[in-house]
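Report on one structure; see the data block that follows.
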Amino acid sequence: MTQLANKHILLGVTGSIAAYKAADLVRRLREAGAEVRVVMTEGAGEFVTPMTFQAVSGHPVHQDLLDADAEAAMGHIELARWADAIIVAPASADFLARLAQGRASDLLSTVCLAAERPLAVAPAMNTHMWTNPATVDNVRSLQQRGILLIGPDEGEQACGDVGAGRMSPPEQIVTRLADLFSTGSLTGKTVLITAGPTREAIDPVRYLSNHSSGKMGFSLAEAAVEAGARVILVSGPVNLAAPAHVERLEVISAQQMAAAVASRIDEADIFIATAAVADYRPSRARPEKIKKDQSHLTLELEKNPDILAGVKQQHPGVFCVGFAAETTDLERYARAKLEAKQLEMVVANQVGPAATDTDGTFGSETNALQVFWPGGEAHLPLASKAQLARQLIPVIVSRYEQRDRTAAGKGKIVKLNQASRPKI
Ligand SMILES: Cc1cc2nc3c(=O)[nH]c(=O)nc-3n(C[C@H](O)[C@H](O)[C@H](O)COP(=O)(O)O)c2cc1C
């Protein structure tokens, strides 16, 4: 269930006899790799204790809307922003009514109202409550607004009645949630991604490199897999595990990275170059460790291959996305790169002291991105790199599909056939 790996899932638990099943749901979500925070209604607290959810989620449970401490840390807006998806399970009849009315009368309903993320509900109630026209109307209205309805199942109920109203089993809820993250927009496509830094050997123990952590590239690899792509990830030396279902090629130097890309570019529909490839390498890597007996040491550097420019020149049919980390004049440099290398898209981010909305370092968990393409742009505000990757993939897909449509309209063949592509 890779789609849920590293996802932030906010679980709302309401006052239903099925509330105890939500503890198993938390466990299964975490097994699938998700990070889970729990919001309980007052009613839920009559059925299960917050301690249960704190123990299974590993985080304090959120209960009160008007809580000065929570506002300073994880208040309703913070929670709404934190979540990649919200699931209310079990969802009581009363909660469905509050949601349908757009109430913000308790923490959970307020978070649901404030969130712009996918929202799912797994109702659980007596079968006559479920079939009551009031509930039927509420549920219809929620579905019309795009809220995902999971269940309920039919069967014998806690009260002895038989019929629809039982909460769906936690494993089914996890599967339906995972489906939310499988867009399928890249099904049948192959995405080649470079990530991380490169190391350029000075001698057997020293090298030139940079602070790239590889997190953005790895997050994009994961998001592309979620979107249905086959993903090949060419990674410099980083301390990250490859996301599931990603084919990882490990390299050290820029020349190795260029060779690895060249060996696989024939398979790619989309090439995303997030790696911070060293521009220069020592002209001669010394075979033995350099001794410190000289007061000055001069290293001669020579230029490394420009991997992205090479791909675009020799494989014009591949949709190429470049990354630009700049300390100043972000837009000007990003647009210049777009133009000079004839790329389809450049994703730019500010680094260094001018990066006011991040900590300005390569390795940070968060980032804010500006995306430029010929004639357009998009801004993705500060978020975790995993969240940004999931926002960026649809932007890339939309431009990729538009290019195909335009080319089809002009009768151009966009993708070179495999055999006719020259090697870079
Ligand atoms: C023993 C008991 C069991 C209940 N089970 C359910 C239930 O399964 N589903 C439901 O919608 N309401 C059920 N209710 C009613 C809700 O707890 C009540 O409507 C409550 O106000 C819901 O609050 P909440 O939605 O804020 O959690 C039950 C009430 C009691 C006393």
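Counting only alpha carbon atoms, the long axis of helix 170-180 and the longest principal axis of the chain meet at about 50°.
For the chain, the longest principal axis of the C-alpha atoms and the axis of helix 330-340 are separated by about 60°. Ellipticity at 222 nm from helices only: DSSP H runs of n ≥ 4 in the chain, each -39500 (n - 2.57), divided by the residue count, give -10000 deg cm²/dmol. For residue 305, neighbours were defined as the other residues whose beta-carbon sits under 11 Å from its Cβ, and their charges (Lys and Arg +1, Asp and Glu -1) total -1.
For residue 155, neighbours were defined as the other residues whose beta-carbon sits under 13 Å from its Cβ, and their charges (Lys and Arg +1, Asp and Glu -1) total -3. Pairs of Cα atoms nearer than 8 Å and 6+ residues apart set the relative contact order; for the stretch 146-187 it is 29 percent. Contact order for the stretch 2-180, expressed relative to its length and based on alpha carbon pairs under 8 Å spaced 6+ residues apart, stands at 23 percent. One compactness figure for the stretch 190-420 is 1.05, namely its Cα radius of gyration divided by 2.2 N^0.38 Å. Highest mean packing comes first when the peptides 262-271, 129-138, 230-239 are listed by Cβ atoms within 10 Å, giving 230-239, 262-271, 129-138. Relative to the first principal axis of the alpha-carbon coordinates of the chain, what is the inclination of helix 254-264, with its axis defined by its Cα atoms, in degrees from 0 to 90 and to the nearest 10? The helix 254-264 is inclined about 60 degrees to the chain.
Bridge orientation summary for the stretch 2-180: considering DSSP beta bridges with both residues in this region, about 20 percent are antiparallel.
Can you return the aspartates and glutamates within cross-link range of residue 337? Criterion is Cα-Cα under 13 Å, with same-chain partners fewer than 8 residues away left out. Straight-line reach from residue 337, under 13 Å: 306, 326, 329.
Dividing the mean sequence gap of close Cα pairs (under 8 Å, 6+ apart) by how many residues the chain holds gives a relative contact order of 11 percent.
Packing-based ranking of 38-46, 303-311 yields 38-46, 303-311, ordered from highest to lowest mean Cβ neighbour count within 10 Å.
Using only alpha-carbon positions in the chain, the gyration tensor eigenvalues give semi-axes of 48, 25, 19 Å once each is multiplied by 5 and square-rooted (largest first).
FYI, it's all coordinate maths here, none of it is from the lab. From a predicted model like this one, the values you see are computed outputs, not experimental measurements. So basically every Cβ, Gly included, is an ideal-geometry build from the backbone, and we count neighbours across all protein chains shown.
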